[in-house]
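> If you scroll down you'll find the structure; I have some questions about it.
The values are calculated or read from the model by the stated rules, or taken from the named source; none is laboratory data. The structure presented is a predicted model; accordingly, all values stated were derived computationally and were not measured. Here Cβ is always computed from backbone atoms with ideal geometry, including for glycine, and neighbour counts include all displayed protein chains.
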Amino acid sequence: MNLNGLNIESKAVLAPMAGFCDIVMRKVADDCGAGFTVSEMVSACALYYGDKKSRQLMETWDHKGKYGIQLFGFDPVDFEAATKIVVENKPDFIDINMGCPAPKITGNGAGSALMKNTDLAAKIAETVVKNANGIPVSVKMRKGWDDDCITCVELAKKVEAVGVNFITVHGRTRKQMYTPGIDMDAIKNVKQAVKIPVIGNGDITKPEDVINMMDYTGCDAVMIGREALSRPWIFKQVNQALAGLSVDREPTVEERMALLLWHIEKLCEVNGEHLGMKKARGQAALYMKGLRGAAHLRFLTNSLSVFADAENLVKEVLKENGNV
């Protein structure tokens, strides 16, 4: 499908999630059929001042689907300089974070705090579009800041007017964080208010959720976040469901653990064993979701220090669950 200049093969895409969507997780999602993946959020200000770690966040491997780099910040001047740096990395698109609810981000006026200042948000979007050298630009937003500040439709219209190619809407306010359930009417209202493509986001745990969201809201695609961290194969299942095909069974425990070991091996390859294994602890815990003895197995992930520990963890998982 065409997202107003960005062609993607799948209508299911990976959400950018700080601390999780590193280069390896993006590769896993890409291999599983995600239409696009996005970097962890990169500080526009840090790029402006030449921060090396921020540049590293933009690195990627070869990928079948499209790849975007997400910027966050609050100052259009920072975004002007940062966008020019991002363009040098030749991503398929540039995303602007206007949805992150984390206090350390919103406290500086960035992320979902921009939902309270739609004029500034639109100025930032306009700055990125003008400096993107023709690369498509998207905005990821929330429903609003709180129940007294529902600005998603207002913001969507403003960023459309300055040339943004497509929008992603998470159906909660910043105050709600990640509970209770999403408001699909917020996504629907944005879709009806603009002509550019709209991606829906929030509470997707199975293929049926994607179909229901697209049917109800009319959104053009769906972004999957937390569920993809523990079940990245959901992208393949969604693609099958949208194509009217039979959906693959869940992977066996042995298949899931083979993917986990590959994931950890690549984390060590990219980061070195010491840092790679530190990163692997959280990722391994996610792969334990739904397994027998999951609480105990998640506890064991805390002690992962060398790759051999991961191999021993997998043996323990198979002992607890068998090859089922």
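> Among (1) out of contact with any Lys or Arg (no Cβ under 6 Å at 6 or more places or on another chain); (2) surrounded by 15 or more Cβ atoms within 10 Å (Cβ to Cβ); (3) modelled with pLDDT of 95 or more, there is one condition LEU267 misses while meeting the rest; what is its number?
(1) is the only condition that LEU267 fails.
> I'd like to verify a number: residues in region 146-182 that are crowded, with 18+ Cβ neighbours inside 10 Å, assigned to a loop (DSSP other than H, G, I, E, B) and not β-branched (Val, Ile, Thr), how many?
3
> Same structure again: Using the structure shown, decide if ALA243 is of a type in the set (Gly, Ala, Ser) and either under 26 Å from LYS278 (Cβ atoms) or in contact with a strand residue (DSSP E or B) (Cβ under 8 Å, 6 or more places away or on another chain) (or both).
No; evaluated as a whole, the condition is false for this residue.
> So for region 306-315 (the condition being without any contact (Cβ under 8 Å) to a residue 60 or more places away in the chain, loosely packed, with under 15 Cβ neighbours inside 10 Å and among the acidic types (Asp, Glu)), does at least one residue qualify?
The answer is yes, given that some residue of region 306-315 is without any contact (Cβ under 8 Å) to a residue 60 or more places away in the chain, loosely packed, with under 15 Cβ neighbours inside 10 Å and among the acidic types (Asp, Glu).
> If you don't mind, there's one more thing I want to ask. Say whether the condition of being under 20 Å from the mean Cα position of the chain (by Cα), among the basic types (Lys, Arg) and more than 30 Å from GLY200 (Cα to Cα) is met by at least one residue in region 230-238.
No, every residue in region 230-238 fails to be under 20 Å from the mean Cα position of the chain (by Cα), among the basic types (Lys, Arg) and more than 30 Å from GLY200 (Cα to Cα).
> Give me the strands (runs of 3 or more DSSP E) completely within region 1-99, filtered to those with at least 1 residues that are closer than 28 Å to CYS219 by Cα, assigned by TED's automatic domain parsing to the domain that holds ASP209 and of a type in the set (Asp, Glu), ordered by residue number.
93-98
> Taking into account only those residues within region 59-81 that are modelled with pLDDT under 95 and not basic (Lys, Arg), which is farthest from LYS27 (Cα to Cα)?
For region 59-81, the residue satisfying everything is GLU59.
> Please find, among ILE199, ILE187, the residue that is touching a residue at least 40 places away in the same chain (Cβ under 8 Å) and buried (at least 16 other Cβ atoms within 10 Å of the Cβ).
ILE199
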